[in-house]
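What follows is calculated from the coordinates using simple rules that are stated; it is not laboratory data. Just so we're clear, the structure is a prediction, and the values are computed from it rather than from any experiment. All Cβ positions, glycine included, derive from the backbone under ideal geometry; neighbour counts span all protein chains shown.
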Amino acid sequence: MSTESHLSTALAAEQTAKLRRSLRRFDILFLLVAAVVSIEVLGQISSFGGETLTWTIVLAVTFLLPYALVFAEVGSAFTDEGGPYVWVKVAFGRIPAAVSAFLYWVTTPVWIGGTMAFLAYEAWSGFVTPLAAHGVWDYFFKTVFIWVTVLSGIASLRYGKWLPTVGAVLKVCVLGFFVLTAIIYSIQHGVHGIGLGDLSPTMSGFLGLTPLLLFAFLGFESGNGAAGEMKNPSRDVPISLARSAGVAAACYLVPIAAILIILPANKITGISGLMDAMRRVFDVYGAAGPAVLKIVAFGYVLVLVGQGAAWMIVSDRVQATVAADGAFFGGFFGAFNEKLGTPVRVNVLTGVVASAFMVAAMVLVNGTSGAVFSVVLTLCVSTYLLSYLTIIPSAARLRRAFPDTPRPFRVPVSDGAFRLLVGVCTAWVALGSWVAIFPGTLEAVFGVAYPFKDHWGVSRETFEVFTLGTLGVLALLGLVGYLRARPVREQVGAEGALPPLRTDVLPGERTT
C-alpha cells in the first residue's frame, strides 16, 4: 500500500480548518432517516406483489443487519470528513477511492434530477395542481425542486440541516397516517388480501427486487460524509445508525404491506403506487377525502425535498473532500466557503448536473413519465451500488490494518467472521449491480421469461444506450477530473501531510 494514501494534501488541511461542529445525535438520526428511507421506491418495490414482503425480510436479515453492524463499527472508529472516500483511500489507495466517491456523489444529481423531480411533479400535478406534461410549468416545477435542495446544501449546516430534519419527521408522519388510514379502510371495506401463495418467492421477483431493495437499504454510512462537523461522531454515529436502521425497516415493511393489501399488484405503478393507494384509502374521510389527499400530497413533496437535501448535504461533502485531496479537477471544487462552512462550488455543480440530467431524461427517454422514472431510477441504482463495491470491502481492510484504532462500537465477532459479514454484503451488491445494468440477462440464464418492453416501457436498445451511454460519460468526467487534479496531489509536505485517520500508518510504513 502506498504511503501517499495516508497523507492529506495541503489544500485538504486548509479546508478542514473551516469545518464547524454543529451536528448533534438528534441531527444525525434525522439526517439518516431522511437519506435512507427512500419513499420514492415504495411503489416500484410493491409492484412485485406479495413476494416483496418475503424478499424484504430476507434482505433485511442477510444484508441490512450485517451492513449496519459493519458500518456502525467503521463509522465510530474513523471519523474524518468525507467518510467513505477516506476509508477506501486508506484501505486501497487514492484512485479506487476517487472512483467510488465519484459514483457515490454523482448518484445524487442523477437521482434528484431524473427521479425525485419527476416523482414530485407527478404528486403535485396529480393531487395538488395539474401541470401540463412537458410544458413550461413542468420544467419550471422540476427546476425549482432541484435548486431548493441545492440551497439546503449551500446554507450553513446549522440551518441547512433543518430541511432534511423536517423532511424526516414529515416522512414518518405521512407514512404513519397512511398506514392508520389503511387500517380504517380495511375495517370498513375489506381488503384485497395477500394469500400465502402470493408470498412465495420466485426467481423473477428475486432478480427484480434485489437492486431496488439494496438501493433502499444502503446509505447508513452517509452521515460520516459530514463526520468532521459532528460534535461527537465516535459516540453518536453507532447509536444514531442503530435507531435509524430500526426506523427504516419499519418504514419499508409496514407501508409496503399496506399498499399490497389495498391494491392488486397489477394496479401498482412505480411512480405513483403510494399516492394511488392513498387516493383509495382516503375515501374513508368522505367529502373531506380530496382535501386531505391534497394536504398529504403537499407534505409528500416536502418529504422528497428533504430527502434530496439530505443527500445533497452528505454526498457533496464527500466529493468536496475528494477534490481537496487532489482527485477531482484541480481542487477547485474542494473549497469550503469561509463564511458558510459548506462546499458551495460542489453544491452548484450538483445542481447543474441535476438540471442537465432532468432535461436529458425528458428529451432522450421516449416513453411515459412512469417509464422515464423506472429507467432513471435503475441508472441511479447502478451508479450507487457500483460505489459500494469498494466502500464495503474497505471495512474489512481497515479492521485488519488498524487493529489498535479505538472502536467505541465493535461488532462482537472475530476478524474472520467480520470478513464474512463484509463478503456477504459485497456479494449482494455485486449481484444487484449486474442486474441493474443488464436487466434480463440472468433471467435468460435461469430460463425466466422477461418481456423487456412490457417491463420497462422502452425498448432494450433505448435502455442500454441511455444507461451505458450515461455511465460512459460519467466515467470520462471522473477520469478527466482525476487527471486535472495532479498538481493538488503533489502538494503534500510537512504542513499538509496530516494523516486522515487517528491511526497514522500501517505497521512498518513511514510517513516521511
Give the aspartates and glutamates reachable from LYS171 as a straight Cα distance under 16 Å; neighbours fewer than 8 places away on the same chain don't count. ASP27, GLU40
Taking the chain and counting helices only, DSSP H stretches of n ≥ 4 at -39,500 (n - 2.57) each over all residues, the nearest-500 ellipticity at 222 nm comes to -22000 deg cm²/dmol
For LYS142, give me every one of the aspartates and glutamates with a C-alpha distance below 13 angstrom, ignoring sequence neighbours fewer than eight places off in its own chain. GLU122
When we measure straight from the Cα of LYS339, which aspartates and glutamates land under 20 angstrom away, once same-chain ones fewer than 8 places off are left out? GLU14, GLU81, GLU229, ASP316
Cα radius of gyration and Dmax for the chain (Å): 22.2, 75
May I ask you to list the trypsin sites (Lys or Arg not before Pro) in the stretch 274-368 that are in a DSSP loop and have at most 11 other Cβ atoms within 10 Å of their Cβ? LYS339
Just to check I understand the Karplus step: with θ = phi - 60° and J = 6.51 cos²θ - 1.76 cosθ + 1.60, what whole-Hz values come out for the stretch 126-143, glycine and proline as x? x, 10, 10, 9, x, 10, 5, 5, 6, x, 4, 5, 4, 4, 5, 4, 5, 5
Please give the contour-minus-distance gain from TRP137 to ARG235: 0.36 nm per residue of separation, less the Cα-Cα distance, rounded to one decimal in nm. 30.6 nm
Using the Cβ atoms and a cut-off under 13 Å, what net charge is assigned to the surroundings of ARG158, where Lys and Arg are +1 and Asp and Glu are -1? +4
Rounded, prolate or oblate: which fits the stretch 51-112 when a ≥ b ≥ c are the square roots of the eigenvalues of the alpha-carbon gyration tensor, with rounded for a/c under 1.5 and prolate only if a/b beats b/c? oblate
If each residue of separation counts as 0.36 nm, what is the full-extension length gain between THR129 and ALA288 once their alpha-carbon separation is subtracted? 55.5 nm
